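The values are calculated or read from the model by the stated rules, or taken from the named source; none is laboratory data. Nothing here was measured: the structure is a model prediction, and the numbers come from that model. Cβ placement follows ideal geometry from the backbone for every residue including glycine, while neighbour counts extend to all protein chains displayed.
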Amino acid sequence: MSVSVGLPAHTEFGIVGGGIIGLSVAYELTRRGRRVVVLDDGSRAGVATHAAAGMIAPAAESEMEHSELVELRRLSHALYPEFVQHVEADSGVDCAFRTDGTLVVALDRDHAVEIERLREIVTDQGFETHALSAREVLEIEPNVSGRVVQGLRLPQDFHVDQRSLVRALRVALARTGALLTSDVVVERVERNGTITGSRRDAPTPERFEIHCDQVVVSAGSWTPVELELPFAPLPVRPVRGQVVRLHAAAALRHVVRTPDVYLVPHAAGELIVGASVEEQGFDARPTAGAVLDLLRHAWRALPVLYDAPLTEIAVGFRPTARDHLPIFGRWSSRIAVATGHFRNGILLAPGTARLLAQLLCDGVEHQLLRVFAPQRFSERGAGGARDPRGESCIEST
Ligand code: GLY
């Protein structure tokens, strides 16, 4: 399944980056019968997808009220059940997709005020909410702390084991004829669709060059660095997130959150406690302070965690644009981009993939593509220029 040698000289679509966004775009394209090569490094520490918790929670994570982002969240959330069903059928891999919602709990009066504000936002966005008394919370989740003062059930949120989903996408892609690498370093993407790079760890330097009808750059936080592109770098930075994984999934039946922490039980047995939000560049070392804070908040919500075996501390770099909105769409006639999904990469993957595939295969430009286009940064005076073919793009200097 993982190859780097034998890359073809030509393909219809070259996807740079094999996180959840790149794989979902590749999958959507192969389902439309397109020939796809996914070029991934496979060695990077801090890939956001790997460190995620797998929440597909447009209700619980609705605090950013930008209306087009709300619309993209809704679209992607609506696509999820069918997306997972197809990926599971094509791969034979169970992704542990659950549709039982989120339970938000308040452990003090400050939390209660925050939950009330969340309820208003979620209701405005058209999602269902059910207010719960402390007793009702404890009936649903008996291990939640007896300090609970009230709760809010958000029944429309989903979650998935995102590491299984990545595995499933890779298997499904390989079975549908896509070529996936996990040991290549892409160095350069040219305006004519040529991708060049080298094989990592090869005993002797082994270079490759692929001519693509279309390139999709979906290299997450690394999109503006390490990769030579014919455009000025996008204003995307890594926002570090640390999560603690414990052998404790049996302690909860649902995803439980307080305003300080989220607790996500995965069917395979781990409970994921997240997450920090830190501006520390590409430093992938876990820190005592973040782990201390996460475990303190988690233990306060779920005291039985005290004895839980710790299995992993995962660190991810969320690709984050200056305006905190996703960036996807055409960059030029042969190059598209999909990055900047910040805290919603898992949730937004099928929606991003669907809209990009419609654009690249059918020429259908959904109105959201105008909002999330990479050109928005150049049009705000970041030194952009007009492409001679009439396409707005950010020219490199
Ligand atoms: N969406 C989960 C996180 O960013 O921590």
The range 22-132: helices (runs of 4 or more DSSP H) wholly inside it with 3 or more residues that are more than 29 Å from Val184 (Cα to Cα) and touching a Gly at 6+ places or on another chain (Cβ under 9 Å) are 67-91
So, first residue within 12 Å of Val160 (Cα to Cα) in the range 78-100, second residue of a type in the set (S, T, N, Q), Cβ within less than 7 Å, six or more apart or across chains; the pairs are Asp94/Ser164; Cys95/Ser164; Ala96/Ser164
**Message:** Being at pLDDT below 95 and either among the hydrophobic types (A, V, I, L, M, F, W, C) or within 16 Å of the chain's Cα centre (by Cα) (or both) is the requirement here; does Val93 meet it?
**Reply:** no
In the range 30-56, anything more than 13 Å from the ligand (Cβ to nearest atom) and of a type in the set (A, V, I, L, M) is listed as Val36, Val37, Val38, Leu39, Ala45, Val47
Reported set for the range 343-382 where residues are within 16 Å of the ligand (Cβ to nearest atom) and within 20 Å of Pro238 (Cα to Cα) is Arg343, Asn344, Gly345, Ile346, Leu347, Leu348, Ala349, Thr352
Note on the range 142-170: residues touching a Lys or Arg at 6+ places or on another chain (Cβ under 6 Å) and either more than 30 Å from Gly18 (Cβ to Cβ) or of a type in the set (Gly, Ala, Ser) (or both) are Leu152
Screening Leu138, Leu118 for residues that are within 17 Å of Gly151 (Cβ to Cβ), away from the ligand (no atom under 16 Å from the Cβ) and buried (at least 16 other Cβ atoms within 10 Å of the Cβ) leaves only Leu138
By residue number, the members of the range 294-317 that are surrounded by fewer than 16 Cβ atoms within 10 Å (Cβ to Cβ), assigned to a helix (DSSP H, G or I) and not hydroxyl-bearing (Ser, Thr, Tyr) are Arg296, Pro303, Val304, Asp307
| request: Inspect all residues belonging to the range 324-342 and state whether any of them is within 25 Å of Val84 (Cα to Cα), in a helix (DSSP H, G or I), within 17 Å of the chain's Cα centre (by Cα) and within 15 Å of the ligand (Cβ to nearest atom). | output: yes
